[in-house]
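Enquirer: Just dropping this structure here.
The values are calculated or read from the model by the stated rules, or taken from the named source; none is laboratory data. Just so we're clear, the structure is a prediction, and the values are computed from it rather than from any experiment. Every residue, glycine as well, gets a Cβ built from its backbone with ideal geometry; the counts of neighbours run over all protein chains shown.
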């Protein structure tokens, strides 16, 4: 187990104390007060978790001084231990809500570009909720066999159901954290009024895909979607901004995209150019025009680029690993093609 380094310098009164935290650079007076109190019991703590203290500890013996002149140590704050417990409580809450994917990202990650173009400052969490210290991202999958019927009323209803679950779950988690004394807000899964508005301004005020990326839940594919190990791109996300400082999850380093180009080939409006993200960007306006047309027929969204993606353990679960299944001229998969045709024939225009 590694311990963050904290540096404590003498101040005349508690109100002026500050924390220099190499992990996140956040100034926090309450943690400083806790740190000073906590350091006084270092010998007792060492007996509990082992000696992780640094070399020099010097006590100030001047009148009225009950604190260290300088104290550098490798020991977790009591507050950090509490936040590890808080993280477990959040994970338990998510399990109770049947949320299969959860990730935690410290807000500082938005300020360190990992590629260009990066997230503009006004779209970052602290520009929306200045108290944010951690972003919690939750994800619900869209079931592969249902997505395979797209465009259809079946996928249309699934999409609406997952969106409702995301919003309700995100809101409930924010209430859970507020009740524990951590100011928190939920960010809705979409953040736009209608598909037609996306033709004029093809973005919302916050990107859950980038939040999930920064929470270590996956990375981007040629289709511009976030790919996850469990479900590939067949996941919908929502986020919770919280003032709680929660231990983060590591970024996913290895790319999941195989660059098979199936998403590029199947796109009916050629909205993908085959280049890697972010060099290759989805033609959002073209994509929105198709989605609007499908919505008027009650069979949106399109879903083609996510249903053919070979990434995801869900493909093994549903025994849908052979890409030829999407060639409706291949008679080996006629039983699937007939099922999809049946579903597409009803409930929409």
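Enquirer: Out of 222, 246, 185, I need the residue that is within 14 Å of the chain's Cα centre (by Cα) and at pLDDT 95 or above. Which one? Spell out the reasoning first.
Expert: Numbers: 222 fails: within 14 Å of the chain's Cα centre (by Cα); 185 fails: within 14 Å of the chain's Cα centre (by Cα).
After applying the criteria, what remains is 246.
Quick grid of which residues meet (1) over 22 Å from residue 142 (Cα atoms); (2) surrounded by fewer than 17 Cβ atoms within 10 Å (Cβ to Cβ); (3) assigned by TED's automatic domain parsing to the domain that holds residue 306:
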{"site": "160", "(1), (2), (3)": "no, yes, yes"}
{"site": "168", "(1), (2), (3)": "no, yes, yes"}
{"site": "185", "(1), (2), (3)": "yes, no, yes"}
{"site": "196", "(1), (2), (3)": "yes, yes, yes"}
{"site": "209", "(1), (2), (3)": "no, no, yes"}
{"site": "225", "(1), (2), (3)": "no, no, yes"}
{"site": "245", "(1), (2), (3)": "yes, no, yes"}
{"site": "253", "(1), (2), (3)": "yes, yes, yes"}
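Enquirer: Just give me the residues in region 144-155 being in contact (Cβ under 8 Å) with a residue 40 or more places away in the chain, touching a helix residue (DSSP H, G or I) at 6+ places or on another chain (Cβ under 8 Å) and surrounded by fewer than 21 Cβ atoms within 10 Å (Cβ to Cβ), in sequence order. Full working, then the answer.
Expert: Kept after step one, since they are in contact (Cβ under 8 Å) with a residue 40 or more places away in the chain, are these residues of region 144-155: 144-145, 147-155.
With touching a helix residue (DSSP H, G or I) at 6+ places or on another chain (Cβ under 8 Å) added as a condition, the list becomes 144, 147-155.
Across region 144-155, the qualifying residues are 144, 153.
Enquirer: Can we say residue 158 is in contact with a strand residue (DSSP E or B) (Cβ under 9 Å, 6 or more places away or on another chain), within 19 Å of residue 315 (Cβ to Cβ) and touching a residue at least 12 places away in the same chain (Cβ under 8 Å)?
Expert: Numbers: in contact with a strand residue (DSSP E or B) (Cβ under 9 Å, 6 or more places away or on another chain): no; within 19 Å of residue 315 (Cβ to Cβ): yes; touching a residue at least 12 places away in the same chain (Cβ under 8 Å): yes.
The answer is no for residue 158.
Enquirer: If you take the residues in region 318-340 that are within 35 Å of the chain's Cα centre (by Cα) and in a helix (DSSP H, G or I), which one is farthest from residue 158 (Cα to Cα)?
Expert: Narrowing region 318-340 to residues within 35 Å of the chain's Cα centre (by Cα): 318-327, 336-337, 339-340.
Subsequent filtering for residues that are in a helix (DSSP H, G or I) retains 323-326, 336-337, 339-340.
On the way: 323: 23, 324: 25, 325: 22, 326: 20, 336: 19, 337: 20, 339: 17, 340: 15 Å.
So the residue we want is 324.
Enquirer: Can you name every residue in region 250-266 that is under 20 Å from residue 212 (Cα atoms) and touching a helix residue (DSSP H, G or I) at 6+ places or on another chain (Cβ under 9 Å)?
Expert: The first filter runs over region 250-266 and keeps only residues under 20 Å from residue 212 (Cα atoms), leaving 250-258.
Passing the criteria: 251, 252.
Enquirer: If I filter region 84-102 for residues that are at pLDDT 95 or above, assigned to a helix (DSSP H, G or I), surrounded by 15 or more Cβ atoms within 10 Å (Cβ to Cβ) and touching a helix residue (DSSP H, G or I) at 6+ places or on another chain (Cβ under 6 Å), do I get at least one hit? Step through it out loud before you land on a result.
Expert: Residues of region 84-102 that are at pLDDT 95 or above, as a first pass: 86-102.
Restricting the remaining residues to those that are assigned to a helix (DSSP H, G or I) gives 86-96.
Add one more test, that the residue is surrounded by 15 or more Cβ atoms within 10 Å (Cβ to Cβ), and what stays is 86-87, 90, 93-94.
Narrowing further to those that are touching a helix residue (DSSP H, G or I) at 6+ places or on another chain (Cβ under 6 Å): 93.
Yes: region 84-102 contains one or more residues that are at pLDDT 95 or above, assigned to a helix (DSSP H, G or I), surrounded by 15 or more Cβ atoms within 10 Å (Cβ to Cβ) and touching a helix residue (DSSP H, G or I) at 6+ places or on another chain (Cβ under 6 Å).
Enquirer: Read through the list (1) at pLDDT 95 or above; (2) out of contact with any strand residue (DSSP E or B) (no Cβ under 9 Å at 6 or more places or on another chain), then give the number of the only condition that residue 285 fails.
Expert: Every listed condition holds for residue 285 apart from (1).
Enquirer: Pull up region 326-349, narrow it to residues that are free of Cβ contacts under 8 Å to residues at least 40 places away in the same chain and in contact with a helix residue (DSSP H, G or I) (Cβ under 8 Å, 6 or more places away or on another chain), then point me to the one that is surrounded by the most Cβ atoms within 10 Å (Cβ to Cβ). First the steps, then the outcome.
Expert: If we filter region 326-349 for residues that are free of Cβ contacts under 8 Å to residues at least 40 places away in the same chain, which is where we start, we get 327-335, 337-338, 341-342, 345.
Then drop every residue that is not in contact with a helix residue (DSSP H, G or I) (Cβ under 8 Å, 6 or more places away or on another chain), which leaves 327-328, 330, 332-333.
Numbers: 327: 12, 328: 12, 330: 13, 332: 10, 333: 17.
Result: 333.
Enquirer: Select from region 206-228 the residues that are farther than 15 Å from residue 277 by Cβ and in contact with a helix residue (DSSP H, G or I) (Cβ under 7 Å, 6 or more places away or on another chain) and list them in ascending order.
Expert: 206
Enquirer: Let me ask something else about it. Keeping to region 108-125, report how many residues are surrounded by 16 or more Cβ atoms within 10 Å (Cβ to Cβ) and free of Cβ contacts under 8 Å to residues at least 40 places away in the same chain.
Expert: Total satisfying the criteria: 1.
Enquirer: Checking the structure you have, find out if any residue of region 161-176 is within 23 Å of residue 129 (Cβ to Cβ) and in contact with a helix residue (DSSP H, G or I) (Cβ under 7 Å, 6 or more places away or on another chain).
Expert: Looking through region 161-176, at least one residue is within 23 Å of residue 129 (Cβ to Cβ) and in contact with a helix residue (DSSP H, G or I) (Cβ under 7 Å, 6 or more places away or on another chain).
Enquirer: Residues that are closer than 19 Å to residue 123 by Cβ: list the helices (runs of 4 or more DSSP H) wholly contained in region 168-266 that include at least 3 such residues. Break it down stepwise before answering.
Expert: Values: elements: 195-200, 208-214, 262-266.
Correct list: 195-200, 208-214.
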